[in-house]
Amino acid sequence: MAFLQLISYALRERLHTEHFAFDEQVEANLQGVNVSLRQVAPKVHFLFGFQDRALEDEFREDLIECSRSRIFMGYGVSIFMILFGPTFQSLMTMDFLLFYSDWRVVLWNVLPVLFALLFLMAGLSFCIYAYMKFSDKRAVLHVTGLAYLLAIVSIGVDFGVGNRQWDAMYGVSSWSVKLVTYHLAPLISLTWLNLPFGMIAELMFAVTLIFLVIIPIVEGLWGLFSSSAIQPIIQEISEEDPFKDLTLYCNGSLQMPDGRDSVLKNPCEVNIRLILVYPFLIICIIILAAMVYGYIGDRDSRRAFTNKKIMRAQKDKLIIAAKLREEFHLHKEDVVLDLFQYF
């Protein structure tokens, strides 16, 4: 949440467009005709939270307190998957790279993963210390957003360097398979960290920009889904077909048993392209699901925080009413004597 947080601090006065007092709002609402405490709700900016910035600070403090176990678990899962995935493979192939290349190639293959691991471990260490020592724990939110953002950039560098390393196993679609199962897998913990929607949106935007736009365009990965890249696959499959029916089917000239011609002009090319694109579609669905889940979770968290504040305001009013009633009963005789004297 590095950039959005900087923007929110810079524009704090402009974003502060409401001063929401729950005790006043609850009392005013109960005096209305249609009494419903559901109408007592502060206004919200789309990415920056409550329009009452002091209330937003209080909400984030409460959110961090309630999300302690989720944050620790998220860090743990991400660190574990990076440690026993990219880091382990990079260290295992270091000797091979040193034998066939120089130390610069080794650094480019090892350092990005190690930096991603270092950023997340540093973020986890800071969060543990902040929960133990800090009274204001909003720093946990800022550091977590920054740690994951830096980890995303480091993983993106690693993906840019080794996006074709799995071609021998998975063919031309290896980059999308490696991306969804290897590079983006440690970021799955973002779906349950219970972070504000603005943070989730910023991190998912970084993932989309780095992994689905910049690196595929720079490395020419989208060209691997073109017809020229698919034709060698079709040729290899056709050579292994002893009856040559598959060749006729791929050419669109195979006649169906009922006498109909093939509906698609190049059915093999269409089917293979769908298979190649499917891992990429999974990535898009996961990113979209993370955005929707982040929005729903943020909305529910704010609703729960609002209900908590309403109940606290009602409790304060009941305490004040009980004290007034108790004082009235204690001084009831004096009040009655005063009334008779004035009467």
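Within segment 1-41, the set of residues being modelled with pLDDT of 70 or more, farther than 21 Å from Ala139 by Cβ and open to solvent by 100 Å² or more (accessible area, probe 1.4 Å) comprises Glu13, Arg14, His19, Glu24. Of all the listed residues (Phe197, Phe205), the sole one being in contact with a strand residue (DSSP E or B) (Cβ under 9 Å, 6 or more places away or on another chain) and at pLDDT 80 or above is Phe197.
Just one of the numbered conditions (1) open to solvent by less than 70 Å² (accessible area, probe 1.4 Å); (2) farther than 15 Å from Gly297 by Cβ; (3) assigned to a helix (DSSP H, G or I) is not true of Asp62: (2). Within segment 72-85, residues that are within 18 Å of Met132 (Cβ to Cβ) sit with their Cβ atoms under 9 Å from residues that are at pLDDT below 90 and open to solvent by 30 Å² or more (accessible area, probe 1.4 Å), at 6+ positions apart or across chains, in these pairs: Met73/Trp192.
Among the residues of segment 160-198, just one is buried (at least 18 other Cβ atoms within 10 Å of the Cβ) and among the basic types (Lys, Arg), namely Lys178. Per this entry, Gly76 is not counted among residues that are in contact with an Asp or Glu (Cβ under 8 Å, 6 or more places away or on another chain), open to solvent by less than 40 Å² (accessible area, probe 1.4 Å) and modelled with pLDDT of 80 or more. For segment 208-217, the criterion of being surrounded by fewer than 19 Cβ atoms within 10 Å (Cβ to Cβ), at pLDDT 70 or above and over 30 Å from Gly74 (Cα atoms) is met by at least one residue.
The values are calculated or read from the model by the stated rules, or taken from the named source; none is laboratory data. This one's a predicted model, so the numbers in the text were calculated from it and none came from an experiment. Ideal geometry is used to build each Cβ from the backbone, glycine not excepted, and the neighbour counts take in all protein chains shown. Heavy atoms of the whole protein, side chains included, go into the accessibility calculation; ligands, DNA and RNA do not. Shrake-Rupley method; radii C 1.70, N 1.55, O 1.52, S 1.80 Å.
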